[in-house]
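**Student:** One structure follows; several queries about it will come next.
The values are calculated or read from the model by the stated rules, or taken from the named source; none is laboratory data. Keep in mind that this is a model prediction, so the values were computed, not measured. Virtual Cβ from ideal backbone geometry, glycine too; neighbours counted across all protein chains shown.
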Amino acid sequence: MPLRQNRCINREFEDIKLTYIVTDNCILCKYTDCIDECPVDCFYEGPNFLVIHPDECIDCDACVDACPANAIFSEDNLPDEKKEFLLLNEQLSLIWPQITDTKEPLPDAEKWDGVSGKLQYLTKTSLET
Amino acid sequence: MTRKEKYVPSATESTFLATVTNGKYDRDIITGLKKFFEGNVPQDMQGFYSEEELAAILELDGTERDLQARMPVKITRHYFERAKTSKAIQTLVKASPKETYDLDGAEDPGKQMTYSPVEGLIHKYELGLIYVAATCSAHCRFCYREELIAKKDITREDGTVAPKGLAQIKDIVDYITEHNRLVKENDGRHPETSREFLREILMSGGDPMVLGNKNIAQWLSALAQAGIENIRIGTKELAFYPKRFDETFFSMLDAFHEAYPRTNLRMMVHFNHPDEFLLTDPDGDYIPHPNGGLEWVPETRTAIQEFGRRPWINIDNQSPIIAGINDDADALRIMQRELKRNGVENHYFFCGRDIVGHKAFNVPIERAWSILNESQKGLSGVEAHARLSITHYKGKTEVAAVTNTPFPGVKGGENGVVIFKLLRSAADAPDRCKVTIVGRNEEAIWFSGYDDRVILDEAELYAMYDIPTLNAIAAE
């Protein structure tokens, strides 16, 4: 799938047109409630994190309230310290498989929900199928 | 979060659903004005809002006149391309402070939520309307589904707050099955509402065409399996992103037709202005095709032709007449002619509803009638099928005629009268084709503009609110 021109030329965060972003509190939780809500199946799944495909998202806002971990933000509400997730969502959605059905959260989801600094645990490799 | 009981598809549905694939779409959507404020939009979009416009909008942010809280701003790349050279489309899709100058209006003008027996279902007329998506690819500023798109609470007449969530397949199939069971047991009429079988469902929202093929296919097959004979899809995607109607979509439809050959599809499309589908030359004029008709945006025409190849699918256009967008007889004439030529029936034109902020959009009723009437002069009979409809609480009402012949002795009568005709009424349509006649008021943008000049009220459009006719007042 071709990337948008402006992304290829300049990969500064400000130039990425992505409007909904999954952020760090999904890591190691992966509740997947968002999957049920997403009308266009634009979530992609890694071993311990989910991301939104920027081109496929239709900006309906449904996933934001669905996430028990409050991990999803619209770009306009994205806190500055989470800006790096813009690029992560874009990159990982291109290599991870699509997820269309909800599944059980990760085993220690409750324990990890709300823990700060989870980015260091993000596994970027593709999910083994 | 509690898990809802899932709908279990039948074998026929499962076999069909296994064949469906989702296409890939890059709508290139811009949501929100923040990107425009910060100059963070592609180069060619930078001037879409002028600096003055942006400053005026920004001033209202966070106030009760906040434009984005009223209706989020959203546009696709395709629609932006059409808007660049069209004032009409710009008015349709660009936020403007005039929207909230006057906040008069109703949150739920048709009182639709009173007719919502199940979350996401409106069952007012003989057909059922379901909300299957809470967004569209782009947002019309005049949208009256504010409660769904901008996520607002609607209080019903009885004081309860209506569930505004989306329809779930299982809930809807259960409702249809139970409704039709009761009808069958009661000799073809529902014991309470006297409705006949529920045969038709309108998939609406939002726009169902923002959903993926698999999701749409689940709805189509579940509704067909439940006995629905006609499924409508209400969509503006032909204007916002016609490439959505791609091979994967039509393959899905063909497989659906194979599985359910007796179920018809009725595409209820939404074009407001010919600029949405016709090409223009550098002077802004439409381009005649050497073999007749005008040149279309190719992908829009291709999509319509694909529908036309399938005899089990009808396409009907419906559009409100909105100030600054299509209150223009010439534009409407061209639109009706070109749509009909290309296989799209002209169904209704609507008077704008009295939504919050409606005064920025609504054309006075008598003027809307006159514009449509003017637009249909010069059209052949089959091109001029569309009627002007205004949605009363009782049902769809036609603005049948506005006379210029004086009707002396009544308020407004010195200029003539307006004749309303009820086209549909709720439940089993007991009042179909009854009329109401009022003295003229050229400023009226809603029924309430005639409260003091009701001459005859067979349809009881006013009586239901205890508004008497002039004769009744005189008799007192």
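**Student:** Select from region B:311-326 the residues that are in a loop (DSSP other than H, G, I, E, B) and within 17 Å of the chain's Cα centre (by Cα) and list them in ascending order. Can you show your working first?
**Tutor:** Within region B:311-326, the subset in a loop (DSSP other than H, G, I, E, B) is B:311-312, B:323-326.
The answer is B:323, B:325, B:326.
**Student:** Can I ask one more? Among strands (runs of 3 or more DSSP E) lying entirely in region A:19-86, which contain 1 or more residues that are of a type in the set (S, T, N, Q)?
**Tutor:** Numbers: elements: A:20-22, A:43-45, A:50-52, A:72-74.
So the answer is A:72-74.
**Student:** Scan region A:76-109 for residues that are within 14 Å of chain B (Cβ to nearest Cβ) and either modelled with pLDDT of 95 or more or more than 30 Å from residue B:41 (Cβ to Cβ) (or both) and report the count.
**Tutor:** 9
**Student:** Of (1) away from chain B (no Cβ under 14 Å); (2) surrounded by 18 or more Cβ atoms within 10 Å (Cβ to Cβ); (3) over 12 Å from the mean Cα position of the chain (by Cα), residue A:116 satisfies all except one. Which?
**Tutor:** Looking at each condition in turn, residue A:116 falls short on (2).
**Student:** Test of understanding: among B:198, B:202, which residue is more than 13 Å from residue B:256 (Cβ to Cβ), assigned to a loop (DSSP other than H, G, I, E, B) and touching a residue at least 12 places away in the same chain (Cβ under 8 Å)? I'd like the intermediate steps shown before the answer.
**Tutor:** Numbers: B:202 fails: assigned to a loop (DSSP other than H, G, I, E, B).
None of the other options fit; the residue is B:198.
**Student:** Scan region B:28-39 residue by residue and report those that are within 7 Å of chain A (Cβ to nearest Cβ) and either more than 22 Å from residue A:75 (Cα to Cα) or outside any loop (DSSP other than H, G, I, E, B) (or both).
**Tutor:** Hits for region B:28-39 are B:31, B:34.
**Student:** A follow-up question, please. Out of B:7, B:25, report the one residue that is within 30 Å of the chain's Cα centre (by Cα), within 8 Å of chain A (Cβ to nearest Cβ) and not aliphatic (A, V, I, L, M).
**Tutor:** Working: B:7 fails: within 8 Å of chain A (Cβ to nearest Cβ).
Result of the check over B:7, B:25: B:25.
**Student:** Scan region B:302-315 residue by residue and report those that are buried (at least 18 other Cβ atoms within 10 Å of the Cβ) and of a type outside the set (A, V, I, L, M).
**Tutor:** Passing the criteria: B:307, B:314.
**Student:** Could you go through region B:364-372 and let me know if any residue there is surrounded by 23 or more Cβ atoms within 10 Å (Cβ to Cβ), in contact with a Gly (Cβ under 9 Å, 6 or more places away or on another chain) and either at pLDDT below 95 or on the phi > 0 side of the Ramachandran plot (or both).
**Tutor:** No, region B:364-372 contains no residue that is surrounded by 23 or more Cβ atoms within 10 Å (Cβ to Cβ), in contact with a Gly (Cβ under 9 Å, 6 or more places away or on another chain) and either at pLDDT below 95 or on the phi > 0 side of the Ramachandran plot (or both).
**Student:** Looking only at region A:68-89, how many residues end up being out of contact with any strand residue (DSSP E or B) (no Cβ under 8 Å at 6 or more places or on another chain) and buried (at least 20 other Cβ atoms within 10 Å of the Cβ)?
**Tutor:** 1
**Student:** Could you check residue B:81 against (1) at pLDDT 90 or above; (2) part of a helix (DSSP H, G or I); (3) within 18 Å of the chain's Cα centre (by Cα); (4) not hydroxyl-bearing (Ser, Thr, Tyr) and say which number it fails?
**Tutor:** (3)
Yes/no per residue for (1) touching a Lys or Arg at 6+ places or on another chain (Cβ under 6 Å); (2) β-branched (Val, Ile, Thr); (3) surrounded by fewer than 19 Cβ atoms within 10 Å (Cβ to Cβ):
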site	(1), (2), (3)
B:201	no, yes, no
B:212	no, no, no
B:217	no, no, no
B:231	no, yes, no
B:238	no, no, no
B:246	no, no, yes
B:249	no, no, no
B:274	no, no, no
B:285	no, no, yes
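**Student:** Somewhere in region B:64-86, is a residue in contact with a Pro (Cβ under 6 Å, 6 or more places away or on another chain) and free of Cβ contacts under 8 Å to residues at least 60 places away in the same chain? Quick ask: steps written out before the conclusion?
**Tutor:** Let us first name the residues in region B:64-86 that are in contact with a Pro (Cβ under 6 Å, 6 or more places away or on another chain), namely none.
No, there is no match, as no residue in region B:64-86 is in contact with a Pro (Cβ under 6 Å, 6 or more places away or on another chain) and free of Cβ contacts under 8 Å to residues at least 60 places away in the same chain.
**Student:** Moving on. Exactly one condition in (1) acidic (Asp, Glu); (2) more than 14 Å from chain A (Cβ to nearest Cβ); (3) surrounded by fewer than 14 Cβ atoms within 10 Å (Cβ to Cβ) is false for residue B:13; which is it?
**Tutor:** The number of the failed condition is (3).
**Student:** Moving on. Does any residue of region B:142-165 turn out to be modelled with pLDDT of 95 or more, within 23 Å of the chain's Cα centre (by Cα) and away from chain A (no Cβ under 14 Å)?
**Tutor:** No.
**Student:** With (1) away from every other protein chain (no Cβ under 12 Å); (2) farther than 27 Å from residue A:73 by Cα; (3) touching a Ser or Thr at 6+ places or on another chain (Cβ under 8 Å); (4) not aliphatic (A, V, I, L, M) as the list, and residue B:66 as the residue in question, which single condition is left unmet?
**Tutor:** That leaves (2) as the condition not met.
**Student:** Next up: Within region B:44-57, is there a residue that is under 24 Å from residue B:148 (Cα atoms) and away from every other protein chain (no Cβ under 14 Å)? Walk me through how you get there before you give the answer.
**Tutor:** The initial filter retains those residues of region B:44-57 that are under 24 Å from residue B:148 (Cα atoms), namely B:57.
With the extra rule that they be away from every other protein chain (no Cβ under 14 Å), the set shrinks to B:57.
Yes: region B:44-57 contains one or more residues that are under 24 Å from residue B:148 (Cα atoms) and away from every other protein chain (no Cβ under 14 Å).
**Student:** Okay, moving on. Looking only at region B:407-443, how many residues end up being over 18 Å from residue B:392 (Cβ atoms) and acidic (Asp, Glu)?
**Tutor:** Of the residues in that region, 3 qualify.
**Student:** Another question, if that's okay. Might you let me know whether region B:434-445 holds any residue that is on the phi < 0 side of the Ramachandran plot, of a type outside the set (S, T, N, Q) and within 22 Å of the chain's Cα centre (by Cα)?
**Tutor:** Quick first cut of region B:434-445, residues on the phi < 0 side of the Ramachandran plot only: B:434-445.
Narrowing further to those that are of a type outside the set (S, T, N, Q): B:434-435, B:437-440, B:442-445.
Next, from what is left, pick out any that are within 22 Å of the chain's Cα centre (by Cα): B:444-445.
Yes, the conditions are met somewhere in region B:434-445.
**Student:** Going by what's in this entry, would residue B:424 be described as among the basic types (Lys, Arg) and without any contact (Cβ under 8 Å) to a residue 60 or more places away in the chain?
**Tutor:** Working: among the basic types (Lys, Arg): yes; without any contact (Cβ under 8 Å) to a residue 60 or more places away in the chain: no.
No, not satisfied.
**Student:** Within region A:36-56, work out how many residues are more than 8 Å from chain B (Cβ to nearest Cβ) and either under 16 Å from residue A:85 (Cα atoms) or within 11 Å of the chain's Cα centre (by Cα) (or both). Lay out the reasoning, then the answer.
**Tutor:** Here is the first cut: in region A:36-56, the residues more than 8 Å from chain B (Cβ to nearest Cβ) are A:36-38, A:42-54.
Now drop any that are not either under 16 Å from residue A:85 (Cα atoms) or within 11 Å of the chain's Cα centre (by Cα) (or both), which leaves A:42-46, A:48-54.
Final tally of qualifying residues: 12.
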